[in-house]
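Data first, discussion second: the structure below is written as structure tokens.
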Amino acid sequence: MSKSLRIGLLGNGSWATALAKMICENTHKLNWWIRSEDMIEHLAQFGHNPRYIESILLPKEKLNLSMDMQEVIDNSDIVIIAIPSMYLNDVFNEHKPKGLENKLVFSAIKGMIPQYNSIPARYLHKSLNISYENIGIICGPCHAEEVARERLSYLTVACPDTAKAEQFASYLQTRYIRVNTSDDVFGAELAAVLKNVYAVGAGLAHGLGYGDNFISVLISNAAIEMKRFIDSVHEIDRNIKSSPYLGDLLVTAYSINSRNRSLGTMVGNGYTVKSAVIEMKMVAEGMTGAKGINEMNKKYKVDIPIADAVYRILHERMSPVLEMRLLSDNLR
């Protein structure tokens, strides 16, 4: 594959904007699908997203902005999907994209597709007929806010065909972004879902007044739980302590930039789940992730008490106080 491959980006949120910043440092043109005409006009005139990560200044001459998703797909060799998981199926049903099966597709989605309780790779394969060999994922401990400030960060690009992962990685590598590659798409996607669920749990503990000592034990148990679940679903030789797994879990559980931790903190502070989601005004993927993992585990029956507790709090209106007390009696 040539270094001059055309890159397309679908989505206009904070992570999509951060990815646009990286890609624009490595290519002459970015084809970018954006849903809002007002946002396109603002980006074209001022070079920054008016709603998300406004501090990121993008080179206007490199942006090929369009509200026509099919146009972006047709004009791209690699397509990055950075649409939140809870909206992805509805967006694709609305726009009915064609030809993705002939592209190399990288998911920047960190959640479950709620209509199917499916990780993105499986959804893209089943719904859009994309070969698994042409599906990859962008993952790792990398908040959009720190990309904006050009803080040193690490990403992993995973694809069953590691040559394709390495080729695409060169489009994300910058002075402040280091990129590794992997072939573990399923494990990385499951980790990306689970870390959001566990970050909600860390936020719940924080909101309820538990201290750093307790939360550190909660997250160390969550890491063990994560490994147990991922190995049961897709057992291959992987190092769960590496950055796409443990690293992403830690940053999401502890960072002030974590939406999922914020959601948990608000619920722990006494907000209802509905009111917390409304007040946040941003997507916390742990909501759909908790439900999706719960549905998946009906088949695998893995012991995942922390994820189960988060699910019950978010979706069955169980008491955060009671659930965290029960967990505290069983953590080691």
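We did not get these values from a lab; they are worked out from the coordinates using the rules stated. Only a predicted model underlies this, so the values are computations on that prediction, with no experimental measurement involved. All Cβ positions, glycine included, derive from the backbone under ideal geometry; neighbour counts span all protein chains shown.
Here are the numbers:
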read-out: Where GluC sites (Glu not before Pro) fall in DSSP loop in segment 29-132, at most 10 other Cβ within 10 Å; value: none
read-out: 0 to 90° range, to nearest 10: angle between helix 286-300 axis and the chain longest Cα axis; value: 70 degrees
read-out: For the chain, fraction of C-alpha pairs farther apart than 38 Å, in %; value: 12 percent
read-out: Rule-of-thumb Rg ratio for segment 1-99 [Cα; 2.2 N^0.38 Å; N residues]; value: 1.00
read-out: 0 to 90° range, to nearest 10: angle between helix 185-207 axis and the chain longest Cα axis; value: 50 degrees
read-out: Sites Tyr300 and His28 - FRET efficiency at Förster radius 41 Å, r taken between beta-carbons, to 0.05; value: 0.35
read-out: Antiparallel content of DSSP bridges confined to the chain, in %, to 5; value: 15 percent
read-out: Helix 305-315 axis, angle to the chain major axis (alpha carbon atoms, nearest 10°); value: 80 degrees
read-out: Helix-derived mean residue ellipticity, 222 nm - over the chain, DSSP H n ≥ 4, -39500 (n - 2.57), to 500; value: -15000 deg cm²/dmol
read-out: Cα-based shape type of segment 187-328, given that a ≥ b ≥ c are square roots of the gyration tensor eigenvalues and the cut on a/c is 1.5; value: prolate
read-out: Selection of chymotrypsin sites (Phe, Trp or Tyr not before Pro), segment 47-155, meeting DSSP coil and at most 16 other Cβ within 10 Å; value: Tyr116
read-out: Size of charge dipole - the chain - debye, nearest 20, with Cβ of Lys, Arg +1 and Asp, Glu -1, no other charges; value: 320 debye
read-out: Residue-span extension gain [Val217 to Glu54] - 0.36 nm each, minus C-alpha spacing; value: 55.1 nm
